[in-house]
Amino acid sequence: MRLPTQWLGVAPFFIFAIMFLILPTLYLMLGAFQNDAGEFTLENIAALAQPSIVAAYWISIKISLASSLIGAFAGLAIAIAIVRGGLPDWIRSATLTFSGVASNFAGVPLAFAFLATLGRLGLATVILNTVFGLNIYAHGFNILSFWGLTLTYVYFQIPLMVVIIVPAIDGLKKEWGEAAATLGATMSQYWRMVVIPVIWPSFLGTVILLFANAFGAIATAYALTGSSLNIVPILLYAQIRGDVLHNAHLGYAIAFGMIVITGLANVFYIWFRTRSERWLK
Amino acid sequence: MKSGKFWAWLVFALGAAYFFIPLIATVEFSMRMRRGEYSFDAYKVVLGDARFQATFGYSVLAAVFTIILGVLIVVPAAYWIRLRLPQLRPIVEFITLLPLVIPAIVIVFGYIRMYGSNSPLPFLATDTGTTALLVIGYATLALPYMYRAVDTGLRTIDVRTLTEAAQILGAGWGTIITRVILPNVLIAVLSGAFLTFAIVIGEFTMASLLNRPAFGPYLQNIGANRAYEPAALAIIAFAITWGCMSLIQILSRFAPRSANRPN
């Protein structure tokens, strides 16, 4: 009699999580190792090695890596500027508010905004052309390309970095700076030997989070490029809609590959996170 | 120190330029519909479009149900873990982080395969079932945010004392949760709710793969077929996101700092 009431409060949560989060994922992961007859096979995983799928994974990884690194360093610079740069207080709070909004401004509308900015008739494209005489499209830029998509992803990556890293920078105790100064450290020594080692784990952890964030995203890319840019989520989307690979289990294998990559990324994230928490209590 | 300030301003200005230019460009583009002059025609066309109203209404409703479902799942679990089962906390926290690990497209792919018309639980056999599955999918996407919001809210109140006081006064579990705990974490729940709303309202992947007439697929469709309306829609979507985040900020001012005073 005691056990049921004890578990009653958490039962809906666990039933929900198992039915709609864990089982569907397991189903795909098992499906990746089965053939149509339900027998165990590694063929689906082996079939991921075909050039078009490898290319899709590769471009996804490149875009996620580029956008997370650019987003991370730019976000860190902005965070340091607003926390430690001696800027007025309202800039700090305005930046944080805006970051909260911009980090959630993703998906289809973000693609529209960048088309209006850097598309062929976008404001920035036109102004660069008419005022500065720089026709970026003649120089090989295209919003429907690797750099176009990366530049667009950065729009939600930077604010996400700002939101996560500002508390870490806030956690740098004033005493550490004073202690370093008392011991005769220069500004660069203080940064190199105190600030960077302390921020490093949460910075790297956030980079990985940004990577996973970009890797699973589809809406922005799809609205921006249609299916002209062959990233993994778009490939999987096409496969779910119309079995373009003519092999249902290959779709499972692609999903499995995505989970492996974002899963690995998150294992590293948790590892870095626990390391950073030691300092930032 | 002087040069430090210069660099800070420079970084801030570059960041502000990167973030404001697309917004300005989008506003400008959205007003270009009428030849030779700026107008709000694109907004009029969009807001007057029957499909805009229908899909937006559908997504608002889906968001409301997502929030209700999320609250029903998360509040009792988070409360119970604080009160009785703290040993489950790491497991529950791990599960609530899973939606950040498993991409939405993979989750919905799993649903399509598991809950098809021929399965034991044929959600996809009916329209209502598919919509229910969409709401469920949205609730999983919102899980990390909802759980963290509610857990933060519970941390600021003394769950044990409140529960015991209510029990002494003869309250049952239902009364305790709905009339004692929920009002105390209402602000946290509302923060989670607005964040959920912001995430769900324009969601594309799940709605599109489940073939639901939602706002996200409508946006994508307009983007593929029109010139100026997408820019107007982007501004509207930005305004909605901004609205949700502002409401969260305003609410957080009313949140109790900490009622959990250690004697």
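The values are calculated or read from the model by the stated rules, or taken from the named source; none is laboratory data. Quick caveat, the model's predicted, so the values are computed rather than measured. Here the Cβ is made from the backbone with ideal geometry for all residues, glycine too, and neighbour counts use every protein chain on show.
Of the residues making up region A:77-90, those that are in a helix (DSSP H, G or I), out of contact with any helix residue (DSSP H, G or I) (no Cβ under 6 Å at 6 or more places or on another chain) and not basic (Lys, Arg) are A:80, A:89, A:90.
Of the residues that make up region A:118-138, is at least one among the hydroxyl-bearing types (Ser, Thr, Tyr), at pLDDT below 90 and crowded, with 16+ Cβ neighbours inside 10 Å? Yes, region A:118-138 contains a residue that is among the hydroxyl-bearing types (Ser, Thr, Tyr), at pLDDT below 90 and crowded, with 16+ Cβ neighbours inside 10 Å.
Among the residues of region A:137-145, is any more than 14 Å from chain B (Cβ to nearest Cβ) and assigned to a helix (DSSP H, G or I)?
Let us first name the residues in region A:137-145 that are more than 14 Å from chain B (Cβ to nearest Cβ), namely A:137-142, A:145.
In the following step, the residues that additionally are assigned to a helix (DSSP H, G or I) were identified as none.
No, every residue in region A:137-145 fails to be more than 14 Å from chain B (Cβ to nearest Cβ) and assigned to a helix (DSSP H, G or I).
Selection within region A:190-244: residues that are modelled with pLDDT under 85 and within 19 Å of residue B:110 (Cα to Cα). The member of this set that is surrounded by the fewest Cβ atoms within 10 Å (Cβ to Cβ) is A:242.
Here the helices (runs of 4 or more DSSP H) wholly within region A:162-252 that include at least 2 residues being farther than 30 Å from residue B:15 by Cα and more than 12 Å from chain B (Cβ to nearest Cβ) are A:174-182. Within region B:100-110, can one find any residue that is of a type outside the set (A, V, I, L, M), buried (at least 18 other Cβ atoms within 10 Å of the Cβ), modelled with pLDDT of 90 or more and over 22 Å from residue A:106 (Cβ atoms)? Yes, because at least one residue in region B:100-110 is of a type outside the set (A, V, I, L, M), buried (at least 18 other Cβ atoms within 10 Å of the Cβ), modelled with pLDDT of 90 or more and over 22 Å from residue A:106 (Cβ atoms).
Looking at B:214, B:232, B:224, just one residue is modelled with pLDDT of 85 or more and either closer than 20 Å to residue B:40 by Cα or of a type in the set (Ser, Thr, Tyr) (or both), and that residue is B:232. Summed over region B:136-173, residues that are over 26 Å from residue B:90 (Cα atoms) and either β-branched (Val, Ile, Thr) or out of contact with any helix residue (DSSP H, G or I) (no Cβ under 6 Å at 6 or more places or on another chain) (or both) total 7. Scanning region B:59-69 turns up no residue that is within 8 Å of chain A (Cβ to nearest Cβ) and on the phi < 0 side of the Ramachandran plot.
Residue by residue, here is whether (1) out of contact with any strand residue (DSSP E or B) (no Cβ under 8 Å at 6 or more places or on another chain); (2) within 30 Å of residue A:221 (Cβ to Cβ); (3) surrounded by 12 or more Cβ atoms within 10 Å (Cβ to Cβ) holds:
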residue: A:156; (1), (2), (3): yes, yes, yes
residue: A:165; (1), (2), (3): yes, yes, yes
residue: A:170; (1), (2), (3): yes, no, yes
residue: A:174; (1), (2), (3): yes, no, no
residue: A:180; (1), (2), (3): yes, no, yes
residue: A:183; (1), (2), (3): yes, no, no
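So is residue B:116 in a loop (DSSP other than H, G, I, E, B), away from chain A (no Cβ under 11 Å) and either more than 25 Å from residue A:248 (Cα to Cα) or not polar (S, T, N, Q) (or both) or not? Here the answer is yes, as residue B:116 does meet what is asked. Out of everything in region B:213-247 that is part of a loop (DSSP other than H, G, I, E, B) and surrounded by fewer than 23 Cβ atoms within 10 Å (Cβ to Cβ), what residue ends up being farthest from the other protein chains (Cβ to nearest Cβ)? The residue in question is B:213. Within region B:1-44, if we keep just the residues that are surrounded by 13 or more Cβ atoms within 10 Å (Cβ to Cβ) and basic (Lys, Arg), the residue that is nearest to the chain's Cα centre (by Cα) turns out to be B:32. Scanning region A:1-56 for residues that are outside any helix (DSSP H, G or I), away from chain B (no Cβ under 14 Å) and under 27 Å from the mean Cα position of the chain (by Cα) yields a total of 3.
Have a look at B:115, B:79, B:111 and point out the one that is aromatic (Phe, Trp, Tyr) and more than 15 Å from residue A:19 (Cβ to Cβ).
Values: B:115 fails: more than 15 Å from residue A:19 (Cβ to Cβ); B:111 fails: more than 15 Å from residue A:19 (Cβ to Cβ).
Being aromatic (Phe, Trp, Tyr) and more than 15 Å from residue A:19 (Cβ to Cβ) holds for just one of B:115, B:79, B:111, which is B:79.
In this structure, residue A:97 does not satisfy being in a helix (DSSP H, G or I), within 11 Å of chain B (Cβ to nearest Cβ), surrounded by 20 or more Cβ atoms within 10 Å (Cβ to Cβ) and among the β-branched types (Val, Ile, Thr).
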